[in-house]
Amino acid sequence: MAEITSLHDAVASLVRDGDTVALEGFTHLIPFAAGHEIVRQGRRDLELVRMTPDLIYDQLIGMGCARRLVFSWGGNPGVGSLHRLRDAVENGWPAPLELEEHSHAGMANRYAAGAARLPFAVMRGYTGTDLAPRTNVATVTCPFTGEELTAVPAMRPDVGIVHAQRADRRGNVQLWGIVGIQKEVILAADRSLVTVEEVVDELEPRPGAIVVPNWAVTAVAEAPRGAHPSYAHSYYDRDNDFYRAWDAIARDRDAFRGWMEEHVLWSTAPTR
Amino acid sequence: MEHSADEMMTVAAARELRDGEVCFVGIGLPSTAANLARGMHAPDVVLIYESGTIGSKPTRLPLSIGDGDLAETAESVVSVPEIFNYWLQGGRIDVGFLGAAQIDRAGNLNSTVIGSYDEPKVRLPGAGGAPEIAAHTRRVITIIRQSPRSFVPELDFKSSLGAEDQVVITDLGVLRRNGGELTLEALHPGVELDQAHEATGWELKVADDLRTTDPPTERELALLRELKER
């Protein structure tokens with residue numbers, strides 16, 4: 001049964017040094033507040049998993065939280081590079097970063113297999129690319145038709161973290177808009193944390209919304225604007241200006257450190 | 001009306017899209033071109049973004065593939081595993097629109113690294129949706145600026161494969177994959193054939209009936225500029 005707790009306590013109890021941690025949200029509902037709390041609590045040696053590392057992992061990598069990154073597209077959407085990710089890969093700053101790289105379809109299938117507690121998923125993909133020999137995929141033969149297909153291993157993170165619009169007081173979670181890979185991550189992970197815009201008395205039905213029942217979630221923490229500069233549909237828009245501004249902040253190591261100190265290290269998590 | 005090489009490239013790419021086609025759209029130039037087509041000759045084109053929005057009709061050009069506008073204007077919003085498995089792998093998408101950092105004569109694309117994989121000179125974002133988009137759509141439109149750095153004899157990394165039916169739109173002209181090799185079939189107005197040869201890192205095949213692209217019309221340019229200002 002999901003425990004409703006503070007963001008500080010949720011991260012302190014669920015995220016441990018060395019864990020495999022997936023903070024997901026496909027452009028929408030990215031759990032920035034939870035990522036910042038991981039930075040503040042000084043977690044180290046993490047294997048970070050995310051289809052699109054986005055600014056959130058640029059920040060965690062630049063702050064030295066990560067040992068390894070599993071991903072499928074590591075850019076600043078519509079803007080350019082993730083400079084902290086590049087600095088880690090190209091120059092080993094602040095620490096070398098090991099990469100495991102997939103296609104989007106491969107990552108989506110890995111999470112789906114994890115949620116279904118299968119050892120792997122089957123798909124048509126990777127064939128003929130230089131990714132196939134570089135990453136963790138294999139071929140399997142269909143027992144019915146003899147066709148050669150691609151197998152991708154299940155993704156089973158120690159901790160899965162996503163943001164959602166709201167939860168009720170019993171910890172049932174509701175989210176809508178671009179639902180991305182949120183449900184799969186919660187179900188694939190051993191422990192899950194959902195940060196929400198607000199905890200409400202009753203979850204009003206919403207067209208296209210999904211509800212994840214409280215018994216499938218480990219912890220829920222209230223974090224208003226916890227997806228900013230990503231967004232929470234019906235609450236606030238994506239802060240595209242910030243995504244553009246990040247390019248200059250992240251390009252320079254000192255500017256990056258300064259920004260993180262001012263906006264993350266010296267601020268505190270919501271205490272509710 | 002005066003126009004830039006990038007505007008010509010975007011307009012030429014938009015013209016490749018046919019009305020009623022279902023198109024998987026990447027962010028940046030592909031999204032700009034697809035939305036230009038929707039405003040011009042292809043009002044019923046179905047735009048699919050990899051975040052799971054089907055039939056998006058954005059009022060402004062999105063910065064990311066998951067801007068809220070894309071979901072609000074969509075006919076349907078589905079999960080990421082569903083968009084890739086049921087819709088893309090399921091063969092329900094006609095056209096894939098891809099960009100890249102490097103392309104070779106077979107239309108294979110690199111969006112992963114410049115230099116060696118283990119010690120890259122430039123770490124690029126990576127393959128994203130491209131390998132399966134290139135494999136599972138019926139036709140691929142690639143937009144890429146043409147230069148010796150991007151049109152290379154050998155890719156530093158093969159992120160996705162060339163498609164049987166592939167057209168490549170550059171700032172210099174239009175190339176189509178023919179018998180497994182890209183062939184220059186049109187030059188944009190004002191571009192000399194020598195320029196295309198110099199910007200290509202292999203001996204470029206040229207069609208016997210090399211055409212000149214029609215310049216952007218006033219309507220195309222006006223709509224493109226309006227889209228960018230919105």
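Annotations
- Residue in segment A:136-150 that is at the interface with chain B (Cβ under 9 Å from one of its Cβ atoms), of a type outside the set (Phe, Trp, Tyr) and more than 16 Å from the chain's Cα centre (by Cα) present: no
- Restricting attention to segment A:216-272, the residues being of a type in the set (Asp, Glu), surrounded by fewer than 20 Cβ atoms within 10 Å (Cβ to Cβ) and closer than 28 Å to residue A:175 by Cβ number 3.
- Residue within segment A:34-46 that is within 14 Å of chain B (Cβ to nearest Cβ) and buried (at least 24 other Cβ atoms within 10 Å of the Cβ) present: no
- Annotation note: Cβ proximity below 7 Å between a residue of segment B:177-198 that is at negative phi and a residue that is loosely packed, with under 14 Cβ neighbours inside 10 Å (sequence gap 6+ or interchain) occurs for B:185/B:211; B:186/B:211; B:186/B:212; B:187/B:212; B:189/B:212.
- Qualifying positions in segment B:15-52 - crowded, with 24+ Cβ neighbours inside 10 Å, of a type in the set (A, V, I, L, M), in a strand (DSSP E or B) and in contact (Cβ under 8 Å) with a residue 60 or more places away in the chain: B:25
- Residue count for segment B:53-77, restricted to those that are facing chain A (nearest Cβ under 8 Å) and assigned to a loop (DSSP other than H, G, I, E, B): 6
- Considering segment B:122-172, and only residues there that are of a type in the set (Lys, Arg) and under 23 Å from residue A:51 (Cβ atoms), the residue that is nearest to the chain's Cα centre (by Cα) turns out to be B:158.
- When residue B:104 is tested against (1) modelled with pLDDT under 95; (2) surrounded by fewer than 24 Cβ atoms within 10 Å (Cβ to Cβ); (3) among the acidic types (Asp, Glu), only condition (1) is not met.
- Failed item, numbered, when residue A:252 is tested on (1) at pLDDT 95 or above; (2) more than 22 Å from residue A:78 (Cβ to Cβ): (2)
- Screening residue B:12 on (1) touching a strand residue (DSSP E or B) at 6+ places or on another chain (Cβ under 9 Å); (2) within 13 Å of chain A (Cβ to nearest Cβ); (3) crowded, with 23+ Cβ neighbours inside 10 Å; (4) not aromatic (Phe, Trp, Tyr) shows it passes everything except condition (2).
- Residue-level check: of (1) within 10 Å of chain B (Cβ to nearest Cβ); (2) on the phi < 0 side of the Ramachandran plot, residue A:80 misses just (2).
- Complete set of residues in segment A:1-12 that are small (Gly, Ala, Ser) and within 18 Å of the chain's Cα centre (by Cα): A:10, A:12
- Residue match in segment A:256-266 (condition: assigned to a loop (DSSP other than H, G, I, E, B) and modelled with pLDDT under 95): yes
- Among residues of segment A:83-101, those that are facing chain B (nearest Cβ under 8 Å) and in contact with a Phe, Trp or Tyr (Cβ under 8 Å, 6 or more places away or on another chain), counted: 2
The values are calculated or read from the model by the stated rules, or taken from the named source; none is laboratory data. Values in this document were obtained by computation on a predicted structure and should not be read as measured data. Glycine also receives a Cβ, built like all others from the backbone with ideal geometry; neighbour counts cover every protein chain displayed.
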